[in-house]
Amino acid sequence: MHLPSSTCIAAAVATSLLAGHAAAQGFPSRPLNLVVTVTAGGSIDAVARLLAADLGPALGQPVLVVNRPGAGGNVAGEYVARATPDGHTLMISSSSTLTVNPHVYKNMPFDSIRSFAPIVMPARLNLILAVHPRLAVNSVKEFVDLLKAQPGKLTFGSSGNGTNPQLGGILFGMQTGTSSLHVPFGGIVVALNALLGGQVDYMFDSATSIPHVQAGKVKALAVVGPARLPSLPNVATLSELGFADMTAVNGFYAVVATAGTPADVVARLNTEMVRIMRQQAVMDRVNAMGLVNTTSTPEQLGQAIAEDLRRLGPIIREAKLSLQ
């Protein structure tokens with residue numbers, strides 16, 4: 001068998017590096033689309049707009065926020081997975097799109113690992129157990145007692161089937177030996193509006209409810225943890241209250257590009273997004289939204305996606321959660 005000479009290998013590597021450098025030098029050549037997996041108004045959308053506002057001027061091209069909700073993020077995921085891999089089409093999603101959906105949807109339109117190039121983790125989630133004020137409860141213990149007194153009667157809302165808020169409700173029921181009726185909605189804002197309107201009794205919210213908690217329109221009984229939220233410092237964590245396993249449903253936000261996007265383009269996008277998310281004004285906004293400030297390298301995000309895919313599988317199987 002004839003092996004390529006070291007000269008040929010070096011030439012091939014040099015050609016590849018030059019091609020990547022050329023791709024980065026010519027990037028971006030047109031406006032970027034930052035595709036959001038949910039409707040406008042929620043915390044994912046808010047983070048997308050924070051990024052887009054600063055990223056556009058930094059790159060010298062507009063960054064357009066495009067909302068493509070549906071199927072727990074699969075609609076947006078399929079669109080981005082099939083896009084030209086040049087960095088001009090990006091997706092921001094909750095981790096559940098990439099780490100829960102593969103376990104619950106029988107037909108996935110993308111592969112969470114192979115279809116995307118990870119860019120950055122701009123924030124982490126710390127879900128809030130929020131209840132409607134009509135429930136005469138002021139603590140998690142009182143709430144669990146109420147659930148046990150009315151098995152299967154209370155309803156909890158979520159941003160959709162297969163999302164972290166749904167998993168939160170399911171795992172809480174498993175941890176406390178209680179049962180409720182799940183009511184899925186087409187996004188966290190719609191679910192929160194249902195809670196505010198009394199259509200559902202409670203939900204595990206991804207921090208969209210914080211202004212309403214502060215206004216007294218909903219009660220925050222606990223945050224999942226492991227740490228309290230700066231915006232709700234007096235609200236205990238479920239970890240403090242003896243439900244440490246609930247942290248399994250805390251996810252993160254992920255920005256990804258289409259698989260095959262040149263490494264230099266990914267690196268540039270990561271550098272700019274990390275810079276944006278580490279600005280004090282942005283960090284303050286993220287804290288106010290009830291999210292946890294964080295950033296990552298592309299490799300760290302890829303590892304987090306792979307780890308959650310493995311970690312959540314047994315929980316989802318135990319919950320017998322499956323969708324068409």
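Nothing in this text is a laboratory measurement; each read-out follows from the coordinates by a stated rule. Owing to the predicted nature of the structure, the values given are computational and were not obtained by experimental measurement. For neighbour counting, all protein chains shown are included, and Cβ atoms are generated from backbone atoms with ideal geometry for every residue, glycine included.
Laid out as a table, the results:
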read-out: Per-residue ³J(HN,Hα) for the stretch 30-35, Karplus 6.51 cos²θ - 1.76 cosθ + 1.60, θ = phi - 60°, Hz, x for Gly and Pro; value: 7, x, 9, 10, 9, 7
read-out: Simple Cβ-charge dipole of the chain, Lys/Arg +1 and Asp/Glu -1, about Cα centre, in debye nearest 20; value: 380 debye
read-out: Residues whose placed amide H lies under 5 Å from that of T237, excluding near-sequence neighbours; value: V223
read-out: Exposure proxy order (Cβ contacts within 10 Å, fewest to most) of S159, S96, S179; value: S179, S96, S159
read-out: Computed helical MRE - 222 nm, the chain, DSSP H runs ≥ 4 contributing -39500 (n - 2.57), nearest 500; value: -13000 deg cm²/dmol
read-out: Loop sites in the stretch 180-246: trypsin sites (Lys or Arg not before Pro), DSSP, at most 15 other Cβ within 10 Å; value: K217
read-out: Residues T39, T261, T163, sorted so that the one with the fewest Cβ neighbours within 10 Å comes first; value: T39, T261, T163
read-out: The stretch 129-134 - phi-based ³J(HN,Hα) in whole Hz, Karplus 6.51/-1.76/1.60, Gly and Pro as x; value: 7, 10, 10, 6, x, 5
read-out: Value of relative contact order over the chain, rounded to a whole percent, pairs C-alpha under 8 Å and six or more apart; value: 26 percent
read-out: Coarse-grained scattering of the stretch 133-189 at q = 0.13, 0.18, 0.28, 0.30 Å⁻¹, given as base-10 log I(q)/I(0) from a Debye sum over alpha-carbon atoms; value: -0.33, -0.62, -1.16, -1.21
read-out: Beta bridge orientation in the stretch 128-249: antiparallel %, DSSP, nearest 5; value: 55 percent
read-out: Built amide H within the under 5 Å cut-off of T155, gap 5+; value: L181, D201, Y202
read-out: Span-rule helices in the chain, defined as complete DSSP H runs reaching 20 Å or more along the axis (Cα) with Kyte mean at least 0.5; value: 6-25, 43-59, 263-277
read-out: Proxy reagent accessibility, fewest Cβ within 10 Å first, across D45, D284, D86; value: D284, D86, D45
read-out: Trypsin sites (Lys or Arg not before Pro) restricted to DSSP loop in the stretch 232-324 with at most 14 other C-beta within 10 Å; value: R278, K320
read-out: Dimensionless Rg ratio for the chain, taking C-alpha atoms and the 2.2 N^0.38 Å reference; value: 1.07
read-out: Eligible lysines near K153 by straight Cα distance, threshold 28 Å, same-chain separation 8 or greater; value: K141, K217, K219, K320
